[in-house]
1. Kindly indicate which of A:Val17, A:Val21, A:Val48 is under 36 Å from the mean Cα position of the chain (by Cα) and at pLDDT 85 or above.
2. Report every pair of residues separated by at least 6 positions or lying on different chains whose Cβ atoms are under 8 Å apart, first residue within the stretch A:337-363 and in a loop (DSSP other than H, G, I, E, B), second β-branched (Val, Ile, Thr).
3. Residues of the stretch A:376-397 being open to solvent by less than 40 Å² (accessible area, probe 1.4 Å) and more than 28 Å from A:Val234 (Cβ to Cβ), which ones?
4. Show the residue pairs that are 6+ apart or on different chains and have beta-carbon atoms under 7 Å apart, the first residue being within the stretch B:201-230 and in a strand (DSSP E or B) and at pLDDT 90 or above, the second being open to solvent by 10 Å² or more (accessible area, probe 1.4 Å) and not charged (D, E, K, R).
5. Looking only at the stretch A:301-325, how many residues end up being free of Cβ contacts under 8 Å to residues at least 24 places away in the same chain, part of a helix (DSSP H, G or I) and within 7 Å of chain B (Cβ to nearest Cβ)?
6. Of everything in the stretch B:93-142, what is open to solvent by 40 Å² or more (accessible area, probe 1.4 Å), within 7 Å of chain A (Cβ to nearest Cβ) and of a type in the set (Lys, Arg)? Give them in sequence order.
7. Checking B:Arg169 against (1) within 11 Å of chain A (Cβ to nearest Cβ); (2) of a type in the set (D, E, K, R); (3) without any contact (Cβ under 8 Å) to a residue 60 or more places away in the chain: exactly one of these is not met. Which one?
8. Quick check, is B:Arg208 over 15 Å from B:Lys49 (Cβ atoms), crowded, with 19+ Cβ neighbours inside 10 Å and not β-branched (Val, Ile, Thr)?
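The values are calculated or read from the model by the stated rules, or taken from the named source; none is laboratory data. Because the structure is predicted, anything quoted here is derived from the model rather than measured. Note that each Cβ is placed from the backbone with ideal geometry, even for glycine, and that neighbours are counted across all protein chains shown. In case anyone asks, the SASA skips ligands and DNA or RNA and just uses the protein heavy atoms, side chains included. Shrake-Rupley method; radii C 1.70, N 1.55, O 1.52, S 1.80 Å.
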Amino acid sequence: MTMFSPANLKRLFLILVITAVVAVMTGTPGSSTASPTTGVHGSFLERVSWFGLFVAPRWLLFTTLGVIVWLVVSLYRPRARSIRRGIDTALALPKALATKRSTRVALMLVALVVVIFLPKFVHESFWMYLIVEQIGVWILLALGLNVVVGFAGLLDLGFAAFYAIGAYTTAWLTGALPAPALFHHPIPTLWVIPIGILAAMIFGVLLGTPTLRLRGDYLAIVTLGFALIIDDFVETQSGVTGGGVGSAPVPHPALNLGFWHFHWGITPTPYYYLCLVFIIVFIIVFTSLERSRIGRAWVAIREDEVAAESVGINPLKYKVMAFAVGAASGGFGGVMSAGLVGIVNPGLFTFQISVNVLVLVIFGGMGSIWGVALGAIVIQTATSYLDNYQPWGYQINDLYMYIGALLIIMMIFRPAGLLPSRRRAREFAAAKGDEQVHTDEVLTGDQP
Amino acid sequence: MSDQVTTDLIIRAEKLTLRFGGVVSLRDVSIDMRRGEILAVIGPNGAGKTSLFNSLSGVYQPQEGSITFMARDAAPLSVIGKKAHQIAQAGVSRTFQASRLFSALNVFENIKIGAEDHRGIGLVGALVKGPGTRRGEHQSDEVVIKLLEFVGLTREANLIASQLSYGARRRLEIARALATDPEVILLDEPAAGTNPSEKLELAELIRRVRDERGVSVLLIEHDMKLVMSLAERLYVLNFGSVIAEGSPADVRANPVVIDAYLGSSHEETKA
């Protein structure tokens, strides 16, 4: 019946093409000099074990998998509606529970307990270090960019600049940069936190005031330019920043309250708690900002800048505010990273970092604080795992290919993100239904 | 209430010329608006009505001419050169032809954004939520509740703006504009896309905006029946120029208007 209809056969072809690509991606890399065909051989002809059952060439394995996928899809499609309805009824109760305030509070408490006791379960200090450096710092960055992109709707492609400013301020104030020190004695790393945050915020205002008059694409390009300038500056001005080599060692933070003295050393666990405290603080601050007048003004600007102006909102002022607020947690991420890694160098602040943070925000759900935090945890955990174990022929250079595929799939099936903010989800829904309105606008002419 | 209309002016636009490259959108347009009147601007598509509104509200900057807004308790304000948000804060509020609501927010939040004072907000004030901030929140909530009642959307307060019917959206837009506590409200085709019964409701609402809240109304409208019954005075624009001015009866009888706008056959009144 419909199994062998042209449309379904076309689907089979498409699935087989995708499978072939996957086979290439997961196969051994080719050698460019000795034998250019090793890649083809490794990808398709090599005999591999089928889940330990029997041994056959890879092409057979992948074709079989492709056909199985095709069969599942063909059988699923005619029944898609009833299956979806079944899933909906099964999920109705959990969904209703999830929207309840008490459930949310309980979930939050559970999450809090888990994150507090996490170091007790992670015994290897290597993993603890990765949790802080690869997840904690990235949550901070994602939370900050979320204010700019998610709350105020400004596409910032140069967020790593604020990260760099936080880190370099730390190195500078602790005397680790060639640049002349600001104070006579280098100040302890911990006291750099407020100054690093402030420096990033000031840069946010300085960058924002002239550029935020631009909208959309133009703004994105300008922020990109700014990030490239910072990147170039730290790379080339060796006399100030240490150039490509980076800074001298940044001392570990220490806290001296007179009666209590604490020193952050080599072990990552104390950094974990420092990072955790600040993540919680930023989550609280950003949540209450979102619910304040400022948060509502951001929504207004994001949704319709002209309408926002018509009720007396000065868009520039609120956009600059979003930049400065977002920069604060990005800057703290930099301070954190400098203190933990113990060195600051330009490699930490490339364009790729900005893109990566943006990916976390989009994946987690723009405008959703919890979504963005969860998105950062999921993607950064997966990345760290892949980088360190390299399973299934995975190679570090392939990372962005997978992330790209993940984003494409997300945009198709869950465009508002993993845990979308309620407002944003509505915006996406409204955008779908709005096409009618837009045609009307065109028809009536007389554009405002 | 038309007997209350005085010669006290609230907006005076003189010799406005607005060009986009070689296209002249407004040519020497002068308009006087009296405090407390319902004034309408009519004209065929492309006559420059919306351009005029955008000039009055700071969205466009005319190259020539002047616009003065005379608020009750403030020095006359020269509108040209001011930003849209400054004009809104001064007391000139507006709605848009294709309604521009914040479509992901609910009805209450839409009005509340209008009701809030956007001038003196600092980050710290918004975060710490001191007594001043809380009082401000409370005041804007009260304004919203009153306006919801005024436009008849109390029951829809929690609906998302995009779920509303066309007529309700237009009323919400008026409520949001009123929330800024304006002295003048500019309504750009408030009845566009509404059905006949919604049109009647809107006309009633617009009259109440002036009568009960004392806000002067300037409106653009295509529906002749609505304009003629609502407006006390009319300006007729054609090809970017004012071709007539006067009471509805005068305008209807003016041969220039009939030629230029209504067409030679009165059948086509509805354009």
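1. Criteria check complete, one pass: A:Val17.
2. From residues that are in a loop (DSSP other than H, G, I, E, B), the pairs are A:Gly342/A:Val250; A:Ile343/A:Val250; A:Val344/A:Thr170; A:Val344/A:Val250; A:Asn345/A:Val245.
3. Within the stretch A:376-397, A:Leu386, A:Pro391, A:Gly393, A:Tyr394 qualify.
4. Every condition considered, the pairs that remain are B:Ser216/B:Gly36.
5. The total comes to 3.
6. B:Arg100
7. Just one mismatch for B:Arg169, condition (3).
8. no
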